[in-house]
Amino acid sequence: MTLADPTALPDDLIKEGSDAAFMKDVVEASKTQPVLVDFWATWCGPCRQLTPALEKAVRAAKGAVKLVKIDVDRNPAYAGQLRVQSIPTVYAFVNGQPVDGFQGAVPESQLKAFIDKLTGGASGDSDIEQLLSLGEESLSLNDLGGAAQAFAQVLTLEPGHEKAIAGMARVYLADGDPDQARQTIAMAPADSKDPLVQSVRAQLSLASAAPSGADAELEARLAADPNDHAARFDLAQARAAAGDLAGAVDHLLKIVAADRDWNDQAARKQLLTVFEAAGASSEVARDGRRRLSSLLFA
């Protein structure tokens, strides 16, 4: 007995639709899996660009979504009901209802992102994830232009994407523009739990709290009196604002070691902000938390 190829795509993955078969091919079929409806016409130039790309994206999704193509000249009824005013227009149906859509010929990357969003990423790693990775890599190489471009592309595909918003804000921070970074991160929800969003907000908090005094003056005060916790705290803030988070941690831990309750535990509280700015998985945060725990529970 010959077994069916489990990787073979369904025969009805892409089909020519009609008003007569719309309920069966689209409404009923979408109750088991998402269905895209491509409203097109033979005379439409952009349709000739979109349809092949759309078919390619649907095949690449490997059965996660179906495509029904409707020629609006021959089948005007449902196009009229859905108020299709220009073509090509694509609607996505789920559970018998239209849930999303777009008009015009769009890039293949946007088609893939559209399907990934619709299917919960069933078609594999989305372009959004690839762009985010590219942005992170560019940031690590100090290629701020490349990073900005990658994060901006994500926001074009998915406006409001929190990691991309945080990425753009980090680009501005790296470029020495905290005001623009602050405006950018404000695009994220105020109650966002995304670690990158929280990290940027913590970095901005550290920058805004930095003292106006020169480092040399603070270091001179510490040289004269190592127990001048106020000077050490201000120096830690200056280090953090300058991006030297490890240096800030060292100074704050010295305060905790000498007097953990100084100024209502200000040093310990500031350490938590520094850890958040560095990122929970960073070496600065991991090493700092370990050292803090050894001091508090010794």
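Residue-wise test of (1) among the aliphatic types (A, V, I, L, M); (2) touching a His at 6+ places or on another chain (Cβ under 6 Å); (3) more than 30 Å from L173 (Cβ to Cβ).
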residue	(1), (2), (3)
N75	no, no, yes
Q97	no, no, yes
A105	yes, no, yes
I115	yes, no, yes
I128	yes, no, no
N142	no, no, no
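Hey, does the stretch 98-113 have a residue that's among the polar types (S, T, N, Q), surrounded by fewer than 19 Cβ atoms within 10 Å (Cβ to Cβ), out of contact with any strand residue (DSSP E or B) (no Cβ under 7 Å at 6 or more places or on another chain) and more than 21 Å from K31 (Cα to Cα)?
yes
Inspect all residues belonging to the stretch 258-274 and state whether any of them is farther than 21 Å from D228 by Cβ and charged (D, E, K, R).
So far as the stretch 258-274 goes, no, none of its residues is farther than 21 Å from D228 by Cβ and charged (D, E, K, R).
Checking D191 against (1) assigned by TED's automatic domain parsing to the domain that holds F151; (2) farther than 19 Å from L139 by Cβ; (3) buried (at least 22 other Cβ atoms within 10 Å of the Cβ), only one condition comes out false. Which one?
(3)
For every residue, the table says whether it meets (1) surrounded by fewer than 19 Cβ atoms within 10 Å (Cβ to Cβ); (2) under 12 Å from I115 (Cβ atoms); (3) out of contact with any His (no Cβ under 9 Å at 6 or more places or on another chain).
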site: L13; (1), (2), (3): yes, no, yes
site: S18; (1), (2), (3): yes, no, yes
site: V27; (1), (2), (3): yes, no, yes
site: Q33; (1), (2), (3): yes, yes, yes
site: W43; (1), (2), (3): yes, no, yes
site: K56; (1), (2), (3): yes, yes, yes
site: V65; (1), (2), (3): no, yes, yes
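Any chance the stretch 138-145 includes a residue that's crowded, with 21+ Cβ neighbours inside 10 Å, over 26 Å from F102 (Cα atoms) and outside the structural domain of A241 (by TED's automatic domain parsing)?
The answer is no; no qualifying residue exists.
Return the pair list, or none, for Cβ contacts closer than 8 Å from residues in the stretch 76-88 that are outside the structural domain of C47 (by TED's automatic domain parsing) and more than 19 Å from A21 (Cα to Cα) to residues that are surrounded by 20 or more Cβ atoms within 10 Å (Cβ to Cβ) and among the aromatic types (F, W, Y), at least 6 apart or on different chains.
Going by the 8 Å Cβ cut-off, there are no qualifying pairs.
What is the number of the single condition among (1) among the hydroxyl-bearing types (S, T, Y); (2) assigned to a loop (DSSP other than H, G, I, E, B); (3) more than 25 Å from E158 (Cβ to Cβ) that S86 does not meet?
So the condition that S86 fails would be (3).
Is it the case, given these coordinates, that A236 is surrounded by 14 or more Cβ atoms within 10 Å (Cβ to Cβ) and either in contact (Cβ under 8 Å) with a residue 24 or more places away in the chain or not aliphatic (A, V, I, L, M) (or both)?
yes
Based on this model, can you work out whether S281 counts as out of contact with any Leu (no Cβ under 8 Å at 6 or more places or on another chain), surrounded by 14 or more Cβ atoms within 10 Å (Cβ to Cβ) and of a type in the set (S, T, Y)?
So S281 does not fit the description; no.
With the checklist (1) within 30 Å of M168 (Cβ to Cβ); (2) surrounded by fewer than 17 Cβ atoms within 10 Å (Cβ to Cβ); (3) outside the structural domain of P178 (by TED's automatic domain parsing) in hand, flag the one item D261 doesn't pass.
Failing condition for D261: (1).
Looking at V27, V58, which is the one that is under 24 Å from V154 (Cα atoms), in contact (Cβ under 8 Å) with a residue 24 or more places away in the chain, assigned to a helix (DSSP H, G or I) and among the hydrophobic types (A, V, I, L, M, F, W, C)?
Exactly one residue qualifies, and that residue is V58.
Are there any pairs, at least 6 apart or on different chains, whose C-beta atoms fall under 6 Å, with the first in the stretch 196-219 and in contact (Cβ under 8 Å) with a residue 60 or more places away in the chain and more than 28 Å from I185 (Cα to Cα) and the second hydroxyl-bearing (S, T, Y) and surrounded by 14 or more Cβ atoms within 10 Å (Cβ to Cβ), and if so, which?
Hits for this filter: zero, empty list.
Would you mind stating whether A148 is without any contact (Cβ under 8 Å) to a residue 24 or more places away in the chain and assigned to a helix (DSSP H, G or I)?
Yes.
The values are calculated or read from the model by the stated rules, or taken from the named source; none is laboratory data. Treat the numbers as computed from the prediction; the structure is a model and nothing was measured. Cβ atoms come from the backbone with ideal geometry, glycine included; neighbour counts cover every protein chain shown.
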